[in-house]
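Below is one structure; the comments refer to it alone.
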Amino acid sequence: MQSAHNILTFNPLSHLTRRAGGPIAVLFGLSLVSNLLMLTGSIFMLQVYDRVLPSRSLPTLVALTLLAAALYGFYALIEWIRARIAARLGGLIDERLSGPLFEASVRQKLRPQPGINSDPVRDLDSLRQFVSGMGPISLLDLPWMPIYLALAFLLHPMLGWLATAGAVVISALLVVNELHSRRPAQATTIAAVQRGAQANDARSNAEAILAMGMLSAVSSRWEESAAQLVATQQRAADRAAFYSSITKGFRYLLQSAVLAAGAYLVIQGQISGGLMIAASILTSRALAPVEQVVAHWRGFVAARQAAARIRQTLAVFAIRPREMDLPLPTRSLTVTNLATGPDVVGRRFVAAGISFSLTAGDGMGIVGLSGSGKSSVARAIVGVWPVMHGEIRLDGSELAHFDPERLGQSLGYMPQTVELFDGTVAENISRFQPGYNTEAVLRAANAARIHDLIASLPDGYDTYIGENGSVLSAGQRQRIGLARALYGDPFLVVLDEPNSNLDGEGDIALTEAMIGARKRGAIVIVVAHRPSAIAGVDKLLFLQDGRQAAFGAKENILRQITHKPTAVGNNRGSADDVRELVNTQA
């Protein structure tokens with residue numbers, strides 16, 4: 001049995017964590033050096049007030065100034081290096097996760113899971129942008145705050161306690177900010193995903209929207225989603241600005257309070273004027289990382305939630321690489337007690353109890369009323385939908401045991417809705433393989449009987465077809481989709497209603513293509529509504545209400561269906577299609 005646990009358990013995040021450990025350790029070390037260098041200001045002011053001014057020594061002032069300039073120059077170099085490492089760490093995250101997350105987003109479209117309602121690519125952008133910015137650097141500066149506070153205690157206990165009390169207040173503000181930022185950040189993410197989904201749907205259905213005067217209505221729905229996104233973003237931004245402003249104002253107040261306390265201690269003769277100024281600068285520096293963290297907290301919350309969703313998405317949709325590649329199938333396809341559907345968690349069977357066996361050269365048509373599970377079976381056979389029960393075996397090996405990418409070389413699939421990609425005709429037929437084989441493209445086009453049609457296009461095989469093949473007619477897209485399915489002489493060819501947009505000439509070409517594939521040893525499976533679709537097969541699988549009703553030689557199954565009129569009489573909307581198919585082929 002093919003299960004989600006067998007396939008969907010690979011998580012690239014563990015490897016990324018190991019790779020990122022080195023840069024993070026370097027950043028931590030550089031943060032130590034950077035924060036030590038930030039003591040330059042306090043030490044410089046202490047020396048100026050306590051040594052230069054009383055002695056009126058210009059050489060000492062010049063020497064201290066040059067030393068401070070050199071230290072600040074070194075500090076600038078360290079900060080530049082830290083920023084570059086952070087940017088490259090973000091690049092490493094994108095390098096390691098962009099591919100798996102893009103693939104996961106494609107699988108997520110076909111297998112929506114409860115609790116996973118996000119755009120993995122958008123989540124990766126949020127995570128990379130945060131890691132590449134100053135947010136992580138401010139977090140790495142935060143652990144050095146106790147060191148600055150300890151130095152304040154060394155200057156005078158009163159100054160130390162005052163700075164510590166300020167740090168406690170600001171830390172409390174940080175915690176409150178965290179608690180109040182979670183929900184707005186989640187709402188913003190959900191609103192952004194919904195708006196993006198509506199925009200994608202509108203572009204995909206542009207023809208229907210424009211033809212039926214739906215543009216205003218669809219635009220209104222999108223504007224509502226956009227307004228909701230803006231509102232959630234404003235709420236999140238207002239809350240972040242509120243806490244950032246309070247934190248900044250309190251830090252300035254605290255700095256002045258430390259200065260006032262230092263002045264009192266100077267008047268009492270307990271510290272010098274230089275220590276007073278140094279304590280004020282030191283306190284300000286001690287609390288600066290907290291202020292920076294508050295300023296970047298919105299991005300931190302968004303990145304943390306994005307990382308959690310990425311981890312969840314990869315745990316469900318990432319495919320574990322196969323350590324051993326099985327030989328590509330060449331002999332048989334066996335389906336035993338198959339149950340399948342779109343939802344792994346909900347266990348909703350759209351089709352169940354499906355069993356049949358085919359060998360090289362066989363052709364099988366899947367027939368039945370609309371909603372009987374024909375397309376569901378086709379999707380399960382090519383691995384698009386999960387096997388919830390039973391098994392699918394190619395040459396005796398379970399479908400789950402093959403590497404999906406490699407197995408795709410032996411599979412040809414044409415879904416009900418043929419969606420082509422922005423590129424040339426040749427690129428689409430070759431499945432966008434780098435350095436595709438020109439002879440294989442021509443062979444696939446000839447097998448689909450579409451070479452002459454392609455030759456009539458403005459640039460032949462180099463004709464750009466636009467997004468989703470927009471410059472082609474529905475029939476042309478379907479026939480190019482057939483050529484794509486036949487590219488590479490696949491062993492298993494599954495066609496889902498391949499002639500829904502074809503004319504008589506296209507029907508003949510389809511039948512010849514199916515017969516040609518069978519002659520070279522391929523197994524051809526076709527989901528059929530129109531009678532001409534099963535002209536090139538020798539076996540039929542008849543489904544009724546999501547269950548297998550009959551399987552066998554085409555002539556026998558057609559006679560069986562003909563003698564059981566109730567099998568097609570329960571759904572008047574589609575019964576005529578099946579009767580036409582039966583009467584034409586019987």
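Below, the figures for the structure above:
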item	result
Estimated FRET transfer efficiency (GLN234, ALA69; beta-carbon r; R0 56 Å; 0.05)	0.80
Qualifying aspartates and glutamates (Cα of each under 12 Å from Cα of LYS248; at least 8 residues distant if same chain)	GLU291
Loop trypsin sites (Lys or Arg not before Pro), the stretch 16-85, which have at most 14 other Cβ atoms in a 10 Å radius of their Cβ (DSSP)	ARG56
Nearby lysines by direct alpha-carbon distance to LYS374 (threshold 22 angstrom, same-chain neighbours under 8 apart not counted)	LYS109, LYS539, LYS554, LYS564
Options [x] 24.7, 77; [y] 34.1, 117; [z] 28.4, 91 - which one matches Rg and Dmax of the Cα atoms in Å as calculated here	[y]
Long-range amide H partners of ALA351 with built H, under 5 Å	THR340
The chain, helix-only ellipticity at 222 nm - DSSP H runs n ≥ 4, -39,500 (n - 2.57), divided by all residues, nearest 500	-20500 deg cm²/dmol
Whole-Hz couplings from phi, Karplus 6.51/-1.76/1.60, listed for the stretch 173-186; x for Gly and Pro	4, 5, 5, 4, 4, 4, 5, 8, 9, 5, 5, x, 5, 5
Distance from the stretch 213-229 to the stretch 249-278 (C-alpha centre basis), Å	58 Å
Estimated vicinal HN-Hα couplings, Hz - the stretch 527-534 in sequence order (Karplus 6.51, -1.76, 1.60; Gly, Pro = x)	8, 10, 10, 8, x, 5, 5, 9
Length-normalised contact order of the chain in % [C-alpha pairs under 8 Å, at least 6 apart]	16 percent
Added length on full extension, which subtracts the Cα-Cα distance from 0.36 nm per residue, GLN409 to ILE81	113.5 nm
Cut-off under 5 Å, modelled amide H: who pairs with GLY552 long-range	LEU540
Calculated from backbone phi, Karplus (6.51, -1.76, 1.60) coupling profile of the stretch 69-81 in Hz, x at Gly/Pro	4, 5, 5, 5, x, 5, 4, 4, 5, 4, 5, 5, 5
Hull volume in cubic angstrom per residue (convex hull over the Cα atoms of the stretch 4-317)	158 Å³
Amide H partners (placed H, <5 Å) of VAL537, local residues excluded	none
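Taken together, the values in this text are just the output of simple stated rules run on the coordinates, not laboratory data. Nothing here was measured: the structure is a model prediction, and the numbers come from that model. Heads up, the Cβs are rebuilt from the backbone with ideal geometry, glycines too, and the neighbour counts pull from every protein chain shown.
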